[in-house]
Amino acid sequence: MKTREKYEFYKPKKIFGQNFLVDDNISQKIIRQLDITDSDLVLEIGPGQGALTKHLAELEERYTAVEIDNAIASGLGIKYGSRINIINQDFLKFDLSQFGKKIKIVGNLPYNIASEILFRLFEFRGKIICAVLMVQKEFAQRLVAKPDSKEYGILSVQTQVFSRPSLLFSVPPTVFFPKPKVESSVIKLCFDNETDLKSISIFKALVRASFGKRRKIIKNSLKEYFEKTNISFDDLDFDFTRRAENVKVEEYVALANRIINLIPDAQ
Ligand code: SAM
């Protein structure tokens, strides 16, 4: 039976972003990007009908898949038995700290919750070596965007502080069933970068406030946040006459680190 026909017996669920990969060359290409060694632990987000799982099952207990869809999770359980770990859970609630060592992550992500998944990975970045992910092409471009471009925003700044992202290759809609309306890209995030960020919560609040009024200069965007936290622009040696999209990632980090000294109870 041809791969595409096999999926026609199953009605993919839109609510779970189910667009299954039906081109095995792409599956293998994605997995090669993980550079799996003999001792690596690999976690897959949303294994679906097993397009990637079939190449990872040989890792046996070193492979774990987290799938929200009960029917899919039990189907994979029947197919692979207890050789591999299939966990029927929402990945957004999955605790990555349970692994005894750092893991590699792979996933053809449900595009509707790609940002939430990414923020979850940032939260657990200390437990992750790298993540190879298929996402919507425009989303991928935002992750790697540089200042002074329209794609550069909160997602770019956070991604580039918490990881080292790279855009690997593009994937057309024709390799999925059902075909999505958008182009896709595979990206790799390496979590080996050092950051001297002192307070993640201040950094996040600062970046969020800065991009809140994208078309205004940053002095206007930050006015409310600075008033709320009792910070004066005069206490900071910084050019606030630019727009948020013109401020570099390392400048946001430096500004957040200076702000922390001005907020008495900040941690
Ligand atoms: N990996 C498969 C492939 O490449 O064909 C499936 C990819 S499909 C785009 C996304 C998968 O993620 C689906 O199997 C879907 O059920 C699952 N999924 C959606 N939301 C999820 C969540 N919150 N936690 C875990 N899995 C999820």
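Summary of computed values
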| item | result |
| --- | --- |
| Pair list, Cβ under 6 Å, 6 or more apart: the stretch 82-94 residue within 12 Å of E58 (Cα to Cα) and in the same structural domain as N108 (by TED's automatic domain parsing), other residue away from the ligand (no atom under 11 Å from the Cβ) and aliphatic (A, V, I, L, M) | I84/A57 |
| Selected residue (only one of E60, E67, E44 is surrounded by fewer than 16 Cβ atoms within 10 Å (Cβ to Cβ) and either at pLDDT 95 or above or assigned by TED's automatic domain parsing to the domain that holds T159 (or both)) | E60 |
| Filtered residue count, the stretch 1-41, keeping only those that are at pLDDT 95 or above, of a type in the set (K, R) and within 11 Å of the ligand (Cβ to nearest atom) | 0 |
| The stretch 165-206: number of residues that are assigned to a strand (DSSP E or B) and of a type in the set (S, T, Y) | 4 |
| Residue selected from the stretch 229-249 under the condition under 20 Å from R214 (Cβ atoms) and either loosely packed, with under 14 Cβ neighbours inside 10 Å or free of Cβ contacts under 8 Å to residues at least 24 places away in the same chain (or both), by the criterion farthest from the chain's Cα centre (by Cα) | F233 |
| Within the stretch 80-92, tally of residues that are charged (D, E, K, R) and in contact with a helix residue (DSSP H, G or I) (Cβ under 9 Å, 6 or more places away or on another chain) | 1 |
| Within the stretch 52-164, strands (runs of 3 or more DSSP E) holding 1 or more residues that are within 16 Å of the ligand (Cβ to nearest atom) and of a type in the set (D, E) | 63-67 |
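The values are calculated or read from the model by the stated rules, or taken from the named source; none is laboratory data. Everything quoted here is computed from the prediction, not taken from an experiment. Heads up, the Cβs are rebuilt from the backbone with ideal geometry, glycines too, and the neighbour counts pull from every protein chain shown.
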